[in-house]
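Colleague: Dumping the structure here so I can ask a few things about it.
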Amino acid sequence: MGISTWIGADWRQQFFSDGLFVCMKASEVLNRYANGARDFRRVDLRGQSFRGQDLSEADFSEADIRGTNFTRATLTGANFTRARAGVQAHWIAIQLLLTFVLSVLAGVLQGYSSYWLTSNFPQVWNPAYRWHSFNIKLASTINPSC
């Protein structure tokens, strides 16, 4: 096999037969796109930014685009068939931690507000409290004829 056989070979198909992804930076994708390439199948683009770029007719089939920013990008005719999209794993961990912290904070605030309410308002469960006089005062306030 001569070197000319290796130069023109389509390594992308061979490399992807194992299910591996090629990791590319946004600048590399944009440079290849500017040079006429449109095939970006099974490329790992996690966390890259293509904000405001023109990627019309690009093929991102089965690409990993989790956390990739395509805000205001022109994607007319772009193919995202079976692309992996969504939130990256580290953001999920941060969201879970934030949810836990907010849950603890909500529990503490609820306990404090319950304590404050029970210490500052009449105790319904206490039989020593004279509820009937409270009801009479309330009724006479609403209906002065009582």
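Colleague: Return only the number of the condition from (1) closer than 20 Å to Val87 by Cα; (2) surrounded by 12 or more Cβ atoms within 10 Å (Cβ to Cβ); (3) among the polar types (S, T, N, Q) that Gln53 does not satisfy.
Modeller: Going through the list (1) closer than 20 Å to Val87 by Cα; (2) surrounded by 12 or more Cβ atoms within 10 Å (Cβ to Cβ); (3) among the polar types (S, T, N, Q), Gln53 breaks only (1).
Colleague: Would you pick out the residues in region 36-50 that are open to solvent by 40 Å² or more (accessible area, probe 1.4 Å) and under 23 Å from the mean Cα position of the chain (by Cα)?
Modeller: Within region 36-50, Arg42, Arg46, Gly47, Ser49 qualify.
Colleague: Could I ask something else about it? Listed residues Gly67, Gly86; which is open to solvent by less than 70 Å² (accessible area, probe 1.4 Å), without any contact (Cβ under 8 Å) to a residue 24 or more places away in the chain and on the phi > 0 side of the Ramachandran plot?
Modeller: Gly86
Colleague: For Ser145, indicate whether it is outside any helix (DSSP H, G or I), at pLDDT below 95, open to solvent by 50 Å² or more (accessible area, probe 1.4 Å) and of a type in the set (Gly, Ala, Ser).
Modeller: Against the criterion (outside any helix (DSSP H, G or I), at pLDDT below 95, open to solvent by 50 Å² or more (accessible area, probe 1.4 Å) and of a type in the set (Gly, Ala, Ser)), Ser145 qualifies.
Colleague: May I ask you to say which residue of Ser27, Ser56, Ser61, Ser49 is out of contact with any Ser or Thr (no Cβ under 9 Å at 6 or more places or on another chain) and without any contact (Cβ under 8 Å) to a residue 24 or more places away in the chain?
Modeller: Result of the check over Ser27, Ser56, Ser61, Ser49: Ser27.
The values are calculated or read from the model by the stated rules, or taken from the named source; none is laboratory data. Quick caveat, the model's predicted, so the values are computed rather than measured. Here the Cβ is made from the backbone with ideal geometry for all residues, glycine too, and neighbour counts use every protein chain on show. Heavy atoms of the whole protein, side chains included, go into the accessibility calculation; ligands, DNA and RNA do not. Shrake-Rupley method; radii C 1.70, N 1.55, O 1.52, S 1.80 Å.
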